[in-house]
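Colleague: Dropping the structure in here first, questions after.
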Amino acid sequence: MRGGEINYVHIDMLRLQAQLLQEIEERRGFVPCEGLEYSAPCEAPAEYMVADATRPGGGGSEIEIRPAWFCRTHLSELLGRDPGEQPLSRRIEGPEK
């Protein structure tokens, strides 16, 4: 597969995020949406994780790239469209021989 986009996440990142997800859910009952950087946190339950979200960093012009949690409304706003359904696996038709 050359030239196309490939989404990938290291398994250690998955493990860490799964652990954080479990800890937050045990403490709060759900993982809250982080909202958009130019608005207040929305606190709705998050439905999606963006593995490489950009967020304002600690000092002035710094930018932090890290996983971030979003509700469907805020992810839709970031994407400019609804994220749609994400089945765990799917099949697509290959070229006919």
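Colleague: So which of 38, 48 is free of Cβ contacts under 8 Å to residues at least 40 places away in the same chain, touching a Phe, Trp or Tyr at 6+ places or on another chain (Cβ under 7 Å) and of a type in the set (Phe, Trp, Tyr)?
Modeller: Exactly one of 38, 48 is free of Cβ contacts under 8 Å to residues at least 40 places away in the same chain, touching a Phe, Trp or Tyr at 6+ places or on another chain (Cβ under 7 Å) and of a type in the set (Phe, Trp, Tyr), namely 48.
Colleague: Let me ask something else about it. If you go through the stretch 55-86 one residue at a time, how many are within 11 Å of the chain's Cα centre (by Cα) and of a type in the set (Val, Ile, Thr)?
Modeller: 0
Colleague: Same structure, new question: Within the stretch 21-32, can you find the residues that are assigned to a helix (DSSP H, G or I), touching a strand residue (DSSP E or B) at 6+ places or on another chain (Cβ under 9 Å) and over 10 Å from residue 49 (Cβ atoms)?
Modeller: Passing the criteria: only 24.
Okay, residues lined up against (1) at pLDDT 85 or above; (2) exposed (fewer than 14 other Cβ atoms within 10 Å of the Cβ):
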residue: 17; (1), (2): yes, no
residue: 23; (1), (2): yes, yes
residue: 26; (1), (2): yes, yes
residue: 47; (1), (2): yes, no
residue: 61; (1), (2): no, yes
residue: 80; (1), (2): yes, yes
residue: 91; (1), (2): no, yes
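Colleague: One residue is enough: does the stretch 1-9 have a residue meeting the conditions in contact with a strand residue (DSSP E or B) (Cβ under 8 Å, 6 or more places away or on another chain), free of Cβ contacts under 8 Å to residues at least 60 places away in the same chain and surrounded by 14 or more Cβ atoms within 10 Å (Cβ to Cβ)?
Modeller: no
Colleague: Another question about this same structure. For the stretch 22-43, name all the residues that are farther than 15 Å from residue 71 by Cβ and of a type in the set (Lys, Arg).
Modeller: Within the stretch 22-43, just 27 meets the criteria.
Colleague: Looking at the stretch 48-57, can you tell me whether even one residue there is of a type in the set (Phe, Trp, Tyr) and either closer than 20 Å to residue 17 by Cα or in contact with a Leu (Cβ under 6 Å, 6 or more places away or on another chain) (or both)?
Modeller: Within the stretch 48-57, one or more residues are of a type in the set (Phe, Trp, Tyr) and either closer than 20 Å to residue 17 by Cα or in contact with a Leu (Cβ under 6 Å, 6 or more places away or on another chain) (or both).
The values are calculated or read from the model by the stated rules, or taken from the named source; none is laboratory data. Because the structure is predicted, anything quoted here is derived from the model rather than measured. Here Cβ is always computed from backbone atoms with ideal geometry, including for glycine, and neighbour counts include all displayed protein chains.
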